[in-house]
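Working notes, structure below.
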Amino acid sequence: MKIQNRMRVSFPARSVNESFARTVIAAFAATVDPTVDELIDIKTAVSEAVTNAIVHGYREELGQVYIGASLYPDGRLVVRIRDTGCGIPDIKKAMEPLYTTCETGERAGLGFAVMQELMDKVQVRSTPGKGTTVTLEKRLKIKQ
Amino acid sequence: MPVKIELSPDRETVTVYFTGEIDHHSAKKMREDIDSCAQHNEPRVLILDFGGVEFMDSSGIGIVLGRYRLMQELGGELRLQNMPSHIRKVMRVAGIDNLKMTDSKGDKPK
């Protein structure tokens, strides 16, 4: 299906940019007038994926996070969050609720569970040593 | 000021009022402020109030679970209050949306 609108943005993997990233995507989605609940869902899911890239993808380095988003005429919003960090050796395990590699005990290990709860589709592609791409999709209720 | 922390006059209850956005970036300072106050005062009850929160991702779940562990160590109780629907939705993923977490062991250690 033909893309109605699209955007791209990239930024250094600093935690201060988590807020920037979700706000940019919310502003992009707002162009098709979604509901407040839909916007909150999108912001939360994007925040999870970007945090994963910063905390896990670039554990020991300051890399770049790339986000691309597309809106389709049928109301689908597709957001891709990509890093070129360490990658995920076992995606299935990483997506298990409560699984975390964080050793401080302060990450709940529920990032993917939250993304899956709030979005219609969550797809993860990763190559160890090369990076990870998380694709989030949600169909917005288009008001005509 | 991401959190406002109040200690009851009898020093038994600490109430934490979150404001603004809770994410991985802001959570660290919030945790430090809460833990410092709770460890210093060893309250019987720690209340986390989410009424002023505009945004929260799973970092907020981490804050709740971490403070639950802390209050267990201190022999006290953790309560959650004033959760807007968008916060409740995220908490539901962890199964802690309707929680008044209590420690059945009772009194805090002397």
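The values are calculated or read from the model by the stated rules, or taken from the named source; none is laboratory data. For clarity, every value in this text was computed on a predicted model and none was experimentally measured. As a convention, Cβ positions derive from the backbone with ideal geometry for all residues, glycine included, and neighbour counts pool all protein chains shown. The area values use the complete protein model at the heavy-atom level, side chains included, leaving out ligands, DNA and RNA. Shrake-Rupley method; radii C 1.70, N 1.55, O 1.52, S 1.80 Å.
Here are the numbers for the structure shown:
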{"item": "Hits in the stretch A:4-39 - residues which are open to solvent by 20 Å² or more (accessible area, probe 1.4 Å), touching a residue at least 60 places away in the same chain (Cβ under 8 Å) and over 20 Å from A:Thr133 (Cα atoms)", "result": "A:Gln4, A:Asn5, A:Val32, A:Asp33, A:Thr35"}
{"item": "Qualifying residue in the stretch A:58-74 (condition: assigned to a helix (DSSP H, G or I) and either open to solvent by less than 20 Å² (accessible area, probe 1.4 Å) or out of contact with any strand residue (DSSP E or B) (no Cβ under 9 Å at 6 or more places or on another chain) (or both))", "result": "no"}
{"item": "Among residues of the stretch B:1-32, those that are part of a helix (DSSP H, G or I) and in contact (Cβ under 8 Å) with a residue 12 or more places away in the chain, counted", "result": "6"}
{"item": "Count of residues meeting criterion [part of a helix (DSSP H, G or I) and open to solvent by 50 Å² or more (accessible area, probe 1.4 Å)] in the stretch A:75-100", "result": "2"}
{"item": "Search result, residues across the stretch A:107-144 that are part of a loop (DSSP other than H, G, I, E, B), touching a Ser or Thr at 6+ places or on another chain (Cβ under 7 Å) and surrounded by 13 or more Cβ atoms within 10 Å (Cβ to Cβ)", "result": "A:Arg107, A:Ala108, A:Gly109, A:Leu110"}
{"item": "Residue in the stretch B:83-97 that is open to solvent by 30 Å² or more (accessible area, probe 1.4 Å), farther than 28 Å from A:Phe20 by Cβ, in a loop (DSSP other than H, G, I, E, B) and at pLDDT 95 or above present", "result": "no"}
{"item": "Failed item, numbered, when B:Pro43 is tested on (1) part of a loop (DSSP other than H, G, I, E, B); (2) modelled with pLDDT of 95 or more; (3) within 10 Å of chain A (Cβ to nearest Cβ)", "result": "(3)"}
{"item": "Selection from the stretch A:60-82 of residues that are within 21 Å of A:Leu118 (Cα to Cα) and either aliphatic (A, V, I, L, M) or touching a helix residue (DSSP H, G or I) at 6+ places or on another chain (Cβ under 6 Å) (or both)", "result": "A:Ile67, A:Ala69, A:Leu71, A:Leu77, A:Val78, A:Val79, A:Ile81"}
{"item": "Test set (1) within 18 Å of A:Val114 (Cβ to Cβ); (2) at pLDDT below 95 - A:Met1 fails condition number", "result": "(1)"}
{"item": "Lone qualifier among B:Gly60, B:Gly51 - being out of contact with any helix residue (DSSP H, G or I) (no Cβ under 8 Å at 6 or more places or on another chain) and closer than 17 Å to B:Asp97 by Cα", "result": "B:Gly51"}
{"item": "Selection from the stretch A:7-50 of residues that are under 18 Å from A:Leu71 (Cα atoms), among the charged types (D, E, K, R) and either within 8 Å of chain B (Cβ to nearest Cβ) or in a helix (DSSP H, G or I) (or both)", "result": "A:Arg22, A:Asp37, A:Glu38, A:Asp41, A:Lys43"}
